[in-house]
1. Step by step: first the residues of the range A:99-120, then only those that are at the interface with chain B (Cβ under 7 Å from one of its Cβ atoms) and within 23 Å of B:Ala44 (Cα to Cα), then the one that is farthest from the chain's Cα centre (by Cα). Which residue is that?
2. Select, from A:Val156, A:Val164, the only residue that is of a type in the set (Val, Ile, Thr), within 30 Å of A:Pro113 (Cβ to Cβ), surrounded by fewer than 16 Cβ atoms within 10 Å (Cβ to Cβ) and modelled with pLDDT of 95 or more.
3. Scanning the range A:191-237 for residues that are more than 23 Å from A:Ala84 (Cβ to Cβ) and more than 9 Å from every other protein chain (Cβ to nearest Cβ), which turns out modelled with the highest pLDDT?
4. Can you tell me which of (1) more than 8 Å from every other protein chain (Cβ to nearest Cβ); (2) within 30 Å of A:Leu81 (Cβ to Cβ); (3) part of a helix (DSSP H, G or I) is the one A:Val246 doesn't meet?
5. Among B:Thr50, B:Thr24, which is among the polar types (S, T, N, Q), within 7 Å of chain A (Cβ to nearest Cβ), part of a helix (DSSP H, G or I) and within 13 Å of A:Met98 (Cα to Cα)?
6. Just to check your reading of the model, which residue among A:Thr126, A:Thr144 is in a helix (DSSP H, G or I) and at pLDDT 95 or above?
7. Being in the same structural domain as A:Val246 (by TED's automatic domain parsing), within 21 Å of B:Val78 (Cβ to Cβ) and either of a type in the set (Val, Ile, Thr) or within 21 Å of the chain's Cα centre (by Cα) (or both) is the filter here, so list the residues in the range A:186-213 that pass it.
8. Checking the structure you have, find out if any residue of the range A:91-112 is under 17 Å from B:Phe15 (Cβ atoms), buried (at least 23 other Cβ atoms within 10 Å of the Cβ) and free of Cβ contacts under 8 Å to residues at least 60 places away in the same chain.
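The values are calculated or read from the model by the stated rules, or taken from the named source; none is laboratory data. What you see is a predicted model, and the numbers here were worked out from it, not measured in a lab. Cβ placement follows ideal geometry from the backbone for every residue including glycine, while neighbour counts extend to all protein chains displayed.
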Amino acid sequence: MADSSSHTIHRASDYRHWFLKGIIGAASIPGLILMSAFVGFAGLAREAGLSLAQTVFMTGIIWALPAKVVLIGAIMSGASLPAAAFAVALSSVRLAPMVVALVPELRTEKTRPWVLYLLSHFVAVTSWVLAMERLPDVPRDMRTVYYGGLGGTLVVANMGVVAVVYVLAGSLPPELSAALLLLTPIYFLTSLWSSARETASHFAMGFGLVLGPVFHVLVPGFDLLLAGLIGGGGAFLIHVMTERKVRQ
Amino acid sequence: MTFGAFDAWWWPYLFILLGGWLATDGWRFLGVYLGGKITEESPALVFVRTLATALVAAVIGNLVVFPSGALAGVPLMVRVGAAAIGFVAYLVARKNMLVGILVAEAVLLAAVYAGGFLD
């Protein structure tokens, strides 16, 4: 250890430097917008009947906001655990390809697998977009540390935001309380549209918006699953048909 | 087996773990395991995205049409109008999410105070 001490000290400060850069990197416009979404989520979870501890727990353990909103939606419509889990799982399949795209950016030959599994928990739309954008400017052997700082900060900061807003939401005047509950819908209306890569996802959004309330009346408890499968499946069929036309 | 089915303190946490954590981190871990074996462009992944989009959109539709709490005291037309105007503002402002969010909230608050819906 003694003979490599200068090298070790140098590396430790490097790690600290890039970890800090990751933390600072969380303070960004996308980070700010995400925080506003978590303000809305805290109000939503409170209205759904979750306790403060359950809401903060959910924020840290699930992290991806769409998954949490689907889970809250399932809880509110009285879905059973298997139906809720299935809906959340369907809404979260997209996390797998996102991680697949991120891992080659993060790892070196020496990266241990458990580090990647741990860091993958931080993957959700905002941290992923920030990471894909910025990792190329981070030295390769510092990328896991950088992403740990970035993703960890986003998770912990928003757990704090959720806790504070949950407590404050109890004493809001009704007008502001209504405004708080509108935050989640308007956040997702704009972010779903922005993140759509193909027209099919725009169709899927339109179908889901209409089918959700329709099935909520017709088949409560299975409304989300059916709206997702039929709306998403229909949009996919449109995608397949238009692709075929383009090719002909 | 709903969220409120059992009175035990641990049941909601188990519900969140099985219904939420397993259903999200399972996919993330699969992503690490697969490494670089799938590409972003395959048709299956388009389906994955449309499915996720429709599911989340369905929740959003429900939150606007069947809201809870104070928002339920606001007429449906105002809720839909505020969301729609906010969305149009977002499009006009070249997909600026902050503009969309602020306009929707401003429309809602203006209508609520002018109409006295929550008095």
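1. A:Pro104
2. Only one candidate passes the filter, namely A:Val156.
3. Checked the range A:191-237; the qualifying residue modelled with the highest pLDDT is A:Leu237.
4. So A:Val246 meets the others, but not (2).
5. Among B:Thr50, B:Thr24, only B:Thr24 is among the polar types (S, T, N, Q), within 7 Å of chain A (Cβ to nearest Cβ), part of a helix (DSSP H, G or I) and within 13 Å of A:Met98 (Cα to Cα).
6. On inspection, the qualifying residue turns out to be A:Thr144.
7. A:Leu209, A:Val210, A:Gly212
8. Looking only at the range A:91-112, we keep the residues that are under 17 Å from B:Phe15 (Cβ atoms), and these are A:91-92.
Still in the running and buried (at least 23 other Cβ atoms within 10 Å of the Cβ): A:91-92.
Of the ones still in play, those that are also free of Cβ contacts under 8 Å to residues at least 60 places away in the same chain are A:92.
The answer is yes; a qualifying residue exists.
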